[in-house]
Structure formats: C-alpha cells, structure tokens
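The block underneath contains the structure these notes are about, expressed in structure tokens.
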Amino acid sequence: MSQTIGGFQLIRKVAESQSAEIFLASRVSARGQGGEYALKALRPHFARDPVYRGYIRTEYRVSANLDHPNLVRVYDVEMNDPRPHLIMGFIPGRSLQTVLRRQQPDLRSVLLWLSQAADGLAYFHELGWVHRDVKPQNMIVSEDGQVRVVDFALAQRQDTSAVRHLVRRWLERRRPGTWSYMSPEQIQGGWLTAQADVYSLGATLYECLTGRTPFVARRPQELLDQHVWARVPTVRSVLPDVPSQVDEFTRAMMAKDPLDRPHGMGYVSAMLRALAEAYGKKP
C-alpha cells in the first residue's frame, strides 16, 4: 500500500467501520520514516459530513489527555486534510469482535478481558464521561492479553443536572450507539450516566459467553423494544454449564433500571476478577 495521508505512510488497513478506516501508519519525515501509529481516517464519502467530522473532533477532545493502560490515547487530529483523521497509539492485536468470530474463548479469558475493559471505563467515568458505544468491536485484545477500549467518537459528558440533560437531548438528532448493545435509557432518551456503559458491557459479556447478542430482531425498532421491555435472557439457557453466579451477574449488568445494575465499573471489574478466580481456573 503506497499511499500517504497527512504526512503518514499507510502500511496496511487494520480495521474499518461504515464511516472510517484505520491504518497502521508510519510518520514520513526528512530523516525517513518514524515509529508506528494507528491512523483513523474518515471515508471520502463522509469527509465533509458535519456529523462525522464532529465525531472526529469529539474523539480527539475526549481522548487526547487519557492516561490509562486499558484505554487508547489519541495524539493528534487533522481536520483540514481531504480525509480528516486522528493519529493514535498503535496496538498490535485484534478486536474482541474478531476474536469471537474465530474462536470461543474460555470463561477465564472472557472474565479477565472484560475486567480490564471495566477498569479503563471506571477511569473514564471518573473523568465525567460516558463512552456510549461499548461493544466487542471497540475493544482491542493485544498479543499479551491486555485489553484496551477504543473509539470515543460518541462519548458525552454524564447528565449531572436537568439542564445538561435537556440541552443534550435538544442538540442530538439521533440515538447514538449500536443497537445490539444500547441501554434502555439511551434508547428512550433518559438520563445519561455511567450505568449505560455497565449495560453495554453486560451485553458484551453475554455475547462473549454465548456467541450471540442478547436480543435479535428483523427490524431495528423491534430490537430496540426488546432492550427496553423484554426479559433479559439467561446465559444458562444457551450454555447450561456456565456457573449460575456468572449468569446472574451478567443479567444484573443488563437490568432495565440503571439503579438495579451493579453500581460503578470499579465494582464490576472486581466482581469479574472474583468470578474468574472462583470459576475460571485452568485445569
């Protein structure tokens, strides 16, 4: 791949979404090529779209000062290039989505991976933010088993007052997030708190354990309605051998009412590690 974007030589494509592509890239300088980075560029069709340009700006604003081993850090943004792009740290590894497509991970690995994601999100929440798009695609499992949460394009400040909540609702023209993992309050336009990410991580845990998302429907509205109203399915109905405590905690993370979910990602992380220790020991 002999192409450059904004002074970076693109080496290969490592990931993509509907609106963007992510490349392994090397900085081109007078002295040759520098270190490796991840370059996230909007696809040409979205390069002038104000909504997606706004997502790029948001991701940089939110991520530039992050300092946590389980979160990716963004170093720079370039909005004046024909393809607006971000420069991020490159993480050798695969998305959790790719891992799940290629194999069924063991229980211990799943619990420890998601406990790391919860650690990173706990730090993020302490800074006052909500990710709003927690899902397997947005977690990178590195070669040494370290997990990092990525893609903060949809992140928003937590609703800490009625005024903030009303302003956010007024400014947003759509329901940001991925339908298969969205919390009921995101779908219904309720108060946005860290508990929304707890729900999405619970849906991710369910998928990691069963190989399927908690709810499936032919039409988007049917899927959203299930998140809001349908009873959360049990993991043991798919995999009877899963320990009941793991099943119960997964469903607790996906409680319809945010107040009924485990409170805070720090607690979620501790519980996932405890469950890994109790039930995920290798033979």
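The values are calculated or read from the model by the stated rules, or taken from the named source; none is laboratory data. Computed from a predicted model, the values in this text were never measured in an experiment. Every residue, glycine as well, gets a Cβ built from its backbone with ideal geometry; the counts of neighbours run over all protein chains shown.
Quick notes on this one:
Yes or no, residue by residue, for (1) within 23 Å of the chain's Cα centre (by Cα); (2) surrounded by fewer than 14 Cβ atoms within 10 Å (Cβ to Cβ):
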{"position": "GLN9", "(1), (2)": "no, no"}
{"position": "GLU21", "(1), (2)": "yes, no"}
{"position": "GLY35", "(1), (2)": "no, yes"}
{"position": "PRO50", "(1), (2)": "yes, yes"}
{"position": "GLU59", "(1), (2)": "yes, no"}
{"position": "ASN70", "(1), (2)": "yes, no"}
{"position": "ASP81", "(1), (2)": "no, no"}
{"position": "PRO84", "(1), (2)": "yes, no"}
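- Among the residues making up the range 208-227, those that are farther than 28 Å from SER115 by Cβ and more than 19 Å from the chain's Cα centre (by Cα) are ALA217, ARG218, ARG219, PRO220, GLN221, GLU222, ASP225.
- A count restricted to the range 17-50 and to residues that are modelled with pLDDT of 90 or more, in a strand (DSSP E or B) and of a type in the set (D, E, K, R) stands at 2.
- Looking across the range 174-214, just one residue is without any contact (Cβ under 8 Å) to a residue 40 or more places away in the chain and assigned to a helix (DSSP H, G or I), and that is THR210.
- Residue within the range 162-175 that is under 19 Å from the mean Cα position of the chain (by Cα), at pLDDT 95 or above, over 18 Å from MET253 (Cβ atoms) and surrounded by fewer than 22 Cβ atoms within 10 Å (Cβ to Cβ) present: no
- Selected residue (criterion: surrounded by the most Cβ atoms within 10 Å (Cβ to Cβ)) from residues of the range 91-134 that are in a helix (DSSP H, G or I) and of a type in the set (Ser, Thr, Tyr): SER115
- Any hit, the range 249-264, residues being assigned by TED's automatic domain parsing to the domain that holds SER180, in contact with an Asp or Glu (Cβ under 9 Å, 6 or more places away or on another chain), buried (at least 20 other Cβ atoms within 10 Å of the Cβ) and not aliphatic (A, V, I, L, M): no
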